[in-house]
Ligand code: SF4
């Protein structure tokens, strides 16, 4: 464990930058399960009468980490505020996956300088994946002395202690561990949703895709014990939650590191989820390499397992996939895709795609386009490649001109739009089940939710439907969403 105090003289002692060499030597015996999280007595009421604000960037994993930090802060007396001007503690839970996400965070840190000058007692903290990067820490140290606290993804459970040091110490507190990570159970969680919840099933990633920073910022793959997960999901079911999403950077590797549980994987866990009284169960994010036949077989049983598969492909060219270090070929991806589609015929599929990876030729990009056409994806997150410092791909020449990258992205997005519209058209006049999540962002008179296949549905109905599963008849299938009419009679008939 690193010491907790940063001093310019001893910087290397307090910050252990993630190392590719060490990360590649990961061993399973390094994982420790910490079951005895507790808050020291002298910190129990440290936040009484004070407010906190956590701003979250990036993926669901970060959103869920924020729920844990909020839970810890509330346990020690803090109350949540939405206004930065009311906050006594502001934490920026950051994302390192793309450069523009980082730029946004630095812009925001700059803006908060004024607030810090007005309110010197304010504690400003930076945490999450960016805090695991040496270059980021150096930049904060050099240019942003208004930051009081920096901590990484492995020591969230030490938030009370770190906060205390920031409150009573005079120097910036930096605690970032490069260790490969433990599993801390029993952490408090202030869940943001009352009917949808995220449940971590594993942490970290060992895939080392050459463009990705996650294996360095989130540590090695480590799975929670199934009993802990099942217990947490049962508790959510008891509280009336309608939908859970099992979370991990690479959920298909779930179980591989569990001692004494040979061959226990995501398929087994999903089979357990089927027996729990939660209407909808999802999982993310999948990696095609580890997606096994047992999981496909279990998904085929349906029940509460939702028919939506997010299966990131990244590229349709085997040569590009090889340089990306993805561990599968175009042919293997397509085999897997069709196997799942045959077993779960109603499934919708979404994917992630990077265009303009170093050396990607026009022909290789066309292979991506043809794969997308073959899979007829319902939607895709598409990105222009940009190098992340510290990854192997960042050492390759980023040699595709920006205008070529943009042109490829535009063509790809046009195709994805067409496919999405085509897939949505199939829902015209169908009655679908919708979990009503709240008011539509564009119109507060309209309610919005998702189908089991993850399609957005907008319709009019009373606000009391929020949090309920309702039937909606699709009246207008658009490119990215479905408009519909609430089937009030269908609800009444079910009563
Ligand atoms: S599977 Fe690849 S892209 Fe996904 S988190 Fe792991 S290294 Fe990153």
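The values are calculated or read from the model by the stated rules, or taken from the named source; none is laboratory data. Quick caveat, the model's predicted, so the values are computed rather than measured. A quick note on method: Cβ atoms are made from the backbone with ideal geometry, for glycine too, and the neighbour counts reach across all protein chains shown.
See the values below:
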read-out	value
Test for residue 305: is it more than 16 Å from the ligand (Cβ to nearest atom), crowded, with 19+ Cβ neighbours inside 10 Å and under 24 Å from the mean Cα position of the chain (by Cα)	yes
Elements of type strands (runs of 3 or more DSSP E) in the range 119-221, at least 2 residues being farther than 30 Å from residue 437 by Cα	123-128, 149-151, 173-175
Residue within the range 220-239 that is on the phi > 0 side of the Ramachandran plot, away from the ligand (no atom under 15 Å from the Cβ) and not assigned by TED's automatic domain parsing to the domain that holds residue 353 present	no
Checklist (1) more than 19 Å from the chain's Cα centre (by Cα); (2) under 28 Å from residue 140 (Cβ atoms) applied to residue 263, failing item	(2)
Which numbered condition residue 105 misses (of (1) modelled with pLDDT under 90; (2) within 18 Å of residue 388 (Cα to Cα))	(1)
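Every residue, every condition in (1) in contact with a helix residue (DSSP H, G or I) (Cβ under 6 Å, 6 or more places away or on another chain); (2) under 27 Å from residue 249 (Cα atoms); (3) crowded, with 17+ Cβ neighbours inside 10 Å, yes or no:
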{"residue": "127", "(1), (2), (3)": "no, yes, yes"}
{"residue": "141", "(1), (2), (3)": "no, no, yes"}
{"residue": "144", "(1), (2), (3)": "yes, no, yes"}
{"residue": "158", "(1), (2), (3)": "no, yes, yes"}
{"residue": "177", "(1), (2), (3)": "no, yes, yes"}
{"residue": "186", "(1), (2), (3)": "no, yes, no"}
{"residue": "201", "(1), (2), (3)": "yes, yes, yes"}
